[in-house]
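Written below as structure tokens is the structure these notes are about.
The values are calculated or read from the model by the stated rules, or taken from the named source; none is laboratory data. A quick note: this is a predicted structure, and the numbers were derived from the prediction, not measured. Cβ placement follows ideal geometry from the backbone for every residue including glycine, while neighbour counts extend to all protein chains displayed. Each accessible area value is taken on the protein alone, full model and side chains, heavy atoms only, with ligands, DNA and RNA left out. Shrake-Rupley method; radii C 1.70, N 1.55, O 1.52, S 1.80 Å.
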Amino acid sequence: MKRLVILCALGAMIAAPALAQSRLPTAKERNVTMQRLAVEAWTACIADEFVEEVHEVLTLDFRTLKYSRKIEKLASERVSDRCFNAMPRDYRRIELSGLPFAGGLAEQAIERTSDEPLLMRLSMAAIGKPAETYSYTDAVANCAVRGAPHLVANLFGTDVASVEETDALEQLEPVFMICTQSGPAIDASPLATRSMLATASYRLLAAQDESGEEQATDASRSEESEDDA
């Protein structure tokens, strides 16, 4: 698992992808990379320290006022000095909001939920209880996760703004083409695509946990009924 101590080395990651490319990144690309790494650093802290709140937000309908209020509250939470000081200084000032923030939280929370390999967890969830979707893009992301859990798990194993991430997203393009056959194609940035897949993956995994809890409750009630008889 990724640990917070790795955040201290994130600065070096900004230049690393450029070494494997034929050109140097533009100022805009460097800025986007910095922002993505900052979101990763902040969401790692928040997911670590506000576990229940993060779970509640990520399982809510994001079209509701309740969701908006709760995610805004999470974005304004003060993290511990330990976690804050683990961040590179350049990442300590950023405005957290919207899908990138939710996606970052989802990816961090997925990583912390279980020690089992994500590929196994997503593969089992893909054939399990479906999760609710709340928009066209959300439904497409859910379709991609259920249709190609191995490719999605591979994507989450890559560093943001890396060559490996680009390759993983390219491998997912045919999956998105299939999942958008009944609607318009989705033209999204790597950040938006990864965020959509992360939030969809989290809800799908959470749906399996809820299903297991329901089955356990039903089994308990059945045993109680037998005892009463």
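Just a few scattered comments:
- Qualifying helices (runs of 4 or more DSSP H) (wholly inside segment 66-168; at least 3 residues being open to solvent by less than 30 Å² (accessible area, probe 1.4 Å) and at pLDDT 95 or above): 98-113, 118-126, 136-147, 149-156
- Near pairs, Cβ below 7 angstrom, 6+ apart or cross-chain, from segment 39-64 (of a type in the set (Ser, Thr, Tyr)) to any residue that is crowded, with 21+ Cβ neighbours inside 10 Å: Thr43/Phe101; Thr43/Gly104; Thr43/Leu105; Thr43/Gln108; Thr59/Arg203
- Of all residues making up segment 68-102, the number that are more than 21 Å from Leu191 (Cα to Cα) and not small (Gly, Ala, Ser): 12
- Checking each residue in segment 143-178 for being more than 18 Å from Gln108 (Cα to Cα) and in contact with a Lys or Arg (Cβ under 8 Å, 6 or more places away or on another chain) picks out only Leu169.
- Residue among Ala38, Ala16, Ala44, Ala27 that is at pLDDT below 60 and either of a type in the set (A, V, I, L, M, F, W, C) or buried (at least 17 other Cβ atoms within 10 Å of the Cβ) (or both): Ala16
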